[in-house]
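Just below is one structure, and these are the notes that go with it.
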Amino acid sequence: MPQMKRTPLACGAALERPFFARPTVTVARALLGKLIVHGNRAGRIVETEAYLGIGDGAAHSARGVTPRTRVIFGPPGFAYVYMVYGMHYCLNVVAEQEGQAGCVLIRAVEPISGIALPCNGPGKLTRALGITMKQNATDTTVGPIRLFTEDNGEVLRIRTSPRVGITKSSDLPLRFFIEGNPFVSR
DNA sequence: GCTATGATCATA
DNA sequence: ATGATCATAGCA
């Protein structure tokens, strides 16, 4: 614990709509190091994955609008939550302009406050933050899940790799994480 | 209606 | 490597 000293909680500005209205990969990288807050629980995003639209076989949005994927085609900055394997929830943040598919899976966060469970995996972090389908399709700029910059001009070392746990389009380098961070998954 | 398939995780 | 467990999507 002593070796990972950080400024107490330099919570900066809330992320606004234009932050999310950018290419999905840009948003996926930009979300690293940002703070995510739900109720009294807060963490720092250390690992993300980009899921594109048509053409990305691994993305839920690959085959167009369905009841489930509707939010991914909606306004940027909204939360897309879904259940995987019948027992875990995954949290995404919608990117791109409204009408364009694209979202960013939050894969791991570093606990900052109010967190009592491991956060090094997409299913674990939703559990630790108390996120369920109730938060699906909520607006992160005004809703229960909020995102903030962390005001400590630290320059992040970002690494890239293929996405985890998928079978289609598994060669694309769309996973991003903070190099050396101990809270990255696996 | 029926079935296959997971953007996972814990256990062994 | 395997099992838990269920919403979604595609098809009949």
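Values quoted throughout were computed directly from the atomic coordinates according to the rules given, and no laboratory measurement underlies them. Just so it is clear, the model here is predicted, and its values are computed rather than measured. As a convention, Cβ positions derive from the backbone with ideal geometry for all residues, glycine included, and neighbour counts pool all protein chains shown.
For the peptides A:102-112, A:62-72, A:26-36, A:133-143, what is the packing order when you average, over each peptide's residues, the other Cβ atoms within 10 Å and list the highest mean first?
Ranking the peptides A:102-112, A:62-72, A:26-36, A:133-143 by packing returns A:102-112, A:26-36, A:133-143, A:62-72.
For chain A, just run the numbers: alpha carbon Rg, then divide by 2.2 N^0.38 Å, N being how many residues it has.
0.95
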